[in-house]
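Encoded as structure tokens, the structure appears first; notes follow it.
The values are calculated or read from the model by the stated rules, or taken from the named source; none is laboratory data. This structure is a prediction, so every number in the text was calculated from the model and none was measured. Methodologically, a virtual Cβ is constructed for each residue, glycine included, from the backbone with ideal geometry; neighbour enumeration extends over all protein chains shown.
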There are 2 protein chains.
Amino acid sequence: MTTPELFAKSALLNWEQAIGRATAFFDKLPDESLFQNIAPGKNRVIYLLGHLAAVHDHMLPLLNIGERHYPHLDELFISNPDNLDATLPEGRELRKAWKDINEYITNCLRDWSPEEWLQRHTAVSPEDFEKEPHRNRFTLVLSRARHVDYHLGQLILVKK
Amino acid sequence: MTTPELFAKSALLNWEQAIGRATAFFDKLPDESLFQNIAPGKNRVIYLLGHLAAVHDHMLPLLNIGERHYPHLDELFISNPDNLDATLPEGRELRKAWKDINEYITNCLRDWSPEEWLQRHTAVSPEDFEKEPHRNRFTLVLSRARHVDYHLGQLILVKK
């Protein structure tokens, strides 16, 4: 394996590990626990599940790998804080969205050459990317993997 | 910048961002808040500060960049859970350990060539590394950056 290939392969494994751990957490969690708060007065588990699914759905246009699959999640899980009065999608539907979107992204990452990992992400203009080539898809994936762990650290506080 | 150099540079920025955010959190936190629990019955902030410092101190031998600076932290912050009866180091001392150890590591990372990033970490034997070259220093640094975010997600729950 060449040096660039090894970087790409290692980054893929880092992403898969973050996704795998969070998915294992959600898989083990019974539906009724989705409505627990991670701490008193803080987000419910179901909000974080929807939030993570919506944020990863945003990765499709950002990574330039397709149109969004679940844009309707934004209103409830990104634009607004957790709200007890809101009517949320069923847990089953959110669990499915989380898995589907990650499967889609991971399949794309597996196909990328090292150079494709380092392409511009679409939140950066071509002009800015000329000056700041580190604002690439690789950095975005690393950042989203850290974001998964950020919320996993919170989710783990919930009683099972 | 070559493809391998860009991977290395982007990974360095990812590390610096994770460390920077956690350090900013600790810098803003008054000393008295160090003794708050992140959630009822869960770890105190000071435990997580010591834990993060100790885990990063372990990175020195793992990355083969030197002897440990703060091995005495293990007993309190890695080998044992948070314990209200334990006599902890002062907050000032732990804040300093956290900054010093990260400064040391970051300076090393800045000097690494792409190939140096991909060297074996010392928890893997040379024989296993032959078969699994992704068990390298790059992967270890990515994993520790996610670990910082994991605990930062918990720390952020504390009232300031």
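Would segment A:108-118 turn up any residue that is touching a strand residue (DSSP E or B) at 6+ places or on another chain (Cβ under 9 Å) and not polar (S, T, N, Q)? Spell out how you get there, then give the answer.
Just the residues of segment A:108-118 that are touching a strand residue (DSSP E or B) at 6+ places or on another chain (Cβ under 9 Å), to begin with: A:117-118.
Among the residues that remain, those that are also not polar (S, T, N, Q) are: A:117-118.
Checked segment A:108-118: at least one residue is touching a strand residue (DSSP E or B) at 6+ places or on another chain (Cβ under 9 Å) and not polar (S, T, N, Q).
Restricting A:Leu94, A:Leu109 to residues that are of a type outside the set (Phe, Trp, Tyr), in contact (Cβ under 8 Å) with a residue 24 or more places away in the chain and farther than 14 Å from A:Ile46 by Cα narrows the list to A:Leu109.
Residues of segment A:94-109 that are in contact with an Asp or Glu (Cβ under 7 Å, 6 or more places away or on another chain) and either aromatic (Phe, Trp, Tyr) or surrounded by fewer than 20 Cβ atoms within 10 Å (Cβ to Cβ) (or both): A:Thr106 alone. Counting only helices (runs of 4 or more DSSP H) that sit completely within segment B:1-119, those holding 3 or more residues that are within 14 Å of chain A (Cβ to nearest Cβ), under 20 Å from A:Gln154 (Cβ atoms) and of a type in the set (A, V, I, L, M, F, W, C) correspond to B:3-28, B:45-63. Among all positions in segment A:79-93, there is at least one residue which is within 17 Å of A:Ala22 (Cα to Cα), touching a helix residue (DSSP H, G or I) at 6+ places or on another chain (Cβ under 8 Å) and either surrounded by 13 or more Cβ atoms within 10 Å (Cβ to Cβ) or among the aromatic types (Phe, Trp, Tyr) (or both). The set of residues from segment B:125-142 being more than 7 Å from chain A (Cβ to nearest Cβ) and either small (Gly, Ala, Ser) or closer than 18 Å to A:Gln17 by Cα (or both) comprises B:Ser125, B:Glu132, B:Arg135, B:Arg137, B:Leu140, B:Val141.
If the condition is being at the interface with chain A (Cβ under 7 Å from one of its Cβ atoms) and either among the hydroxyl-bearing types (Ser, Thr, Tyr) or under 25 Å from A:Pro40 (Cβ atoms) (or both), then segment B:144-160 contributes B:Asp149, B:Tyr150, B:His151, B:Leu152, B:Gly153, B:Gln154, B:Leu157. Taking A:Arg144 as the residue in question, decide whether it is free of Cβ contacts under 8 Å to residues at least 60 places away in the same chain and either in contact with a Phe, Trp or Tyr (Cβ under 7 Å, 6 or more places away or on another chain) or surrounded by 19 or more Cβ atoms within 10 Å (Cβ to Cβ) (or both). Considered against the rule, which asks whether it is free of Cβ contacts under 8 Å to residues at least 60 places away in the same chain and either in contact with a Phe, Trp or Tyr (Cβ under 7 Å, 6 or more places away or on another chain) or surrounded by 19 or more Cβ atoms within 10 Å (Cβ to Cβ) (or both), A:Arg144 comes out as no. Candidates B:Lys28, B:Lys9: the one that is within 26 Å of A:Leu140 (Cβ to Cβ) and at pLDDT 95 or above is B:Lys9.
When B:Leu88 is tested against (1) farther than 30 Å from A:Asn43 by Cα; (2) touching a His at 6+ places or on another chain (Cβ under 6 Å), only condition (2) is not met. If the condition is being in a helix (DSSP H, G or I) and of a type in the set (Val, Ile, Thr), then segment B:135-160 contributes B:Thr139, B:Val141, B:Val148. Taken over segment B:49-81, the criterion of being of a type in the set (A, V, I, L, M, F, W, C) and either within 24 Å of B:Arg135 (Cβ to Cβ) or free of Cβ contacts under 8 Å to residues at least 40 places away in the same chain (or both) is satisfied by B:Leu52, B:Ala54, B:Val55, B:Met59, B:Leu60, B:Leu62, B:Leu63, B:Ile65, B:Leu73, B:Leu76, B:Phe77, B:Ile78. Go through (1) more than 29 Å from A:Gly41 (Cα to Cα); (2) of a type in the set (A, V, I, L, M); (3) out of contact with any Lys or Arg (no Cβ under 8 Å at 6 or more places or on another chain) and name the single condition A:Val124 misses. Here A:Val124 meets the rest and fails (3).
Screening A:Leu63, A:Leu12, A:Leu48 for residues that are among the aliphatic types (A, V, I, L, M), surrounded by fewer than 19 Cβ atoms within 10 Å (Cβ to Cβ) and under 17 Å from A:His147 (Cα atoms) leaves exactly one candidate, A:Leu12.
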